[in-house]
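Structure record follows, encoded as structure tokens.
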Amino acid sequence: MTSTAVSTAPSHPPQAYWEARAQRFAVEGEGLAAVCSYGMPAFYNRVVDLSQRLALAPWLRVRPGTSVLDVGCGVGRWCRELARRGARVTGVDFSPTMIAEARRRAAARGVLARCRFLVQDLAHLDAGEKFDLVLGVTVLQHILEPQALRAAVRRLADHLSEAGRLVLLEAAPERSIGSCDSPIFQARPRSDYLRLFAECGLTLRAIRGVDPAPFKIWLWPHLPRLAPPVRTAALILATALSVPIDVLFGRRAVGRSWHAVFILEHAREHAPEHAGG
Ligand SMILES: C[S@@+](CC[C@H](N)C(=O)[O-])C[C@H]1O[C@@H](n2cnc3c(N)ncnc32)[C@H](O)[C@@H]1O
């Protein structure tokens, strides 16, 4: 597959934020500071990466030839994983630097021939085809403007083949908490997402948990007030307490999980439109 990019300049605040973050962190190590928790120590982001991998494992085991759209792909963590298993992957992100880095890392991993990368905003997504699997990992939680969020979900649904699966991993607690929200992040209650998905012609096939241990969420709002050594010690403790719980019970303890994996498909009465039309 060829590697193409539709160029857009960072023109609105969320895009400028992600582009700046990519420019600062995307080339560093595995690029996790660009796409996981910014400002957190490396061990913290490695644990985030692990819990996401465990939660997504069934949907990363694709058959060779599966067509996959990875929306908000960042530095291409999931694109590489899927292409390595033989999928034909399209990665989309509105940060040109994220996309350049995703392409560079795919080439370094020897999977670029099965990848193409597009610089696009999900609210106007047009990848020109429909996909067996549409994957989005911690992306909708960063689209705060309601109209942009709705437009993005509609575009995702429109890019899903008739029998395709849409798999979304998002911060989506059972109850609204708010204390962890920021100008670039919102932990919407799960019911808000379910309502939106239904309005966009999607039906929920299954839902899985990711990270039911509560310690990091308790700690998060207090972190800015802590002195750096105390902060690091508190993070180490919260992470060490969380790992066994999240690893052992993450998928099943759906009700208590902070993030959720939504597995969606077209509602039966929904006739999908032509992608890009
Ligand atoms: C938290 S990172 C996750 C990246 C990737 N999904 C992963 O798990 O490694 C969120 C990504 O979504 C991208 N993003 C956020 N809003 C977007 C939008 N409206 N259109 C396209 N990309 C977007 C950001 O640039 C960033 O790369």
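Taken together, Leu219, Leu194 contain a single residue that is in a helix (DSSP H, G or I), at pLDDT 95 or above and surrounded by 15 or more Cβ atoms within 10 Å (Cβ to Cβ), which is Leu194. Scanning the stretch 13-36 for residues that are over 13 Å from Asp93 (Cα atoms) and exposed (fewer than 15 other Cβ atoms within 10 Å of the Cβ) yields Pro13, Ala20, Arg24, Glu28, Gly29.
Of all the residues in the stretch 158-179, those that are among the hydrophobic types (A, V, I, L, M, F, W, C), buried (at least 16 other Cβ atoms within 10 Å of the Cβ) and part of a loop (DSSP other than H, G, I, E, B) number 1. For Ile236, the requirement of being at pLDDT below 95 and either within 16 Å of the ligand (Cβ to nearest atom) or surrounded by 17 or more Cβ atoms within 10 Å (Cβ to Cβ) (or both) is not met. Cβ-Cβ distances below 7 Å connect the following pairs, each with a first residue in the stretch 101-128 that is at pLDDT 95 or above, a second residue that is polar (S, T, N, Q) and more than 15 Å from the ligand (Cβ to nearest atom), and a separation of six or more residues or different chains: Arg103/Ser3; Leu112/Ser3; Cys115/Ser3; Arg116/Thr2; Arg116/Ser3; Arg116/Thr4; Phe117/Ser3; Leu118/Thr4. Of all the listed residues (Arg155, Arg150, Arg195, Arg165), the sole one being without any contact (Cβ under 8 Å) to a residue 60 or more places away in the chain and touching a Leu at 6+ places or on another chain (Cβ under 6 Å) is Arg155. None of Ala148, Ala157, Ala187, Ala152 is within 16 Å of the ligand (Cβ to nearest atom) and over 23 Å from Leu69 (Cβ atoms) except Ala187. Reported count of residues in the stretch 128-140, each being within 15 Å of the ligand (Cβ to nearest atom) and surrounded by 21 or more Cβ atoms within 10 Å (Cβ to Cβ), is 7. In the set (1) closer than 24 Å to Arg46 by Cα; (2) part of a loop (DSSP other than H, G, I, E, B); (3) over 19 Å from the mean Cα position of the chain (by Cα); (4) among the β-branched types (Val, Ile, Thr), the condition left unmet by Val254 is number (3). Checking the conditions here, which among Val89, Val62, Val71 is surrounded by 18 or more Cβ atoms within 10 Å (Cβ to Cβ) and within 10 Å of the ligand (Cβ to nearest atom)? The unique qualifying residue is Val71.
Per-residue answers, yes or no, for (1) over 17 Å from the mean Cα position of the chain (by Cα); (2) assigned to a helix (DSSP H, G or I):
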residue: Glu81; (1), (2): no, yes
residue: Arg103; (1), (2): yes, yes
residue: Ala107; (1), (2): yes, yes
residue: Gly110; (1), (2): yes, no
residue: Arg116; (1), (2): yes, no
residue: Glu129; (1), (2): yes, no
residue: Val134; (1), (2): no, no
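On the given criteria, is Val27 part of a helix (DSSP H, G or I) and at pLDDT below 95? Criteria not met by Val27. If you go through the stretch 201-214 and pick out every residue that is surrounded by fewer than 17 Cβ atoms within 10 Å (Cβ to Cβ) and outside any strand (DSSP E or B), you end up with 1. Filtered by the rule that a residue be more than 14 Å from the ligand (Cβ to nearest atom) and free of Cβ contacts under 8 Å to residues at least 24 places away in the same chain, the stretch 42-59 gives Ala42, Ala57, Pro58.
Look at the stretch 78-90: where a residue is in contact (Cβ under 8 Å) with a residue 12 or more places away in the chain, no partner that is among the aromatic types (Phe, Trp, Tyr) sits 6+ places away or on another chain with Cβ atoms under 7 Å.
The values are calculated or read from the model by the stated rules, or taken from the named source; none is laboratory data. Given the structure is predicted, the values throughout are model-derived calculations rather than measurements. Backbone-built Cβ (ideal geometry, glycine too); neighbour counts: all protein chains shown.
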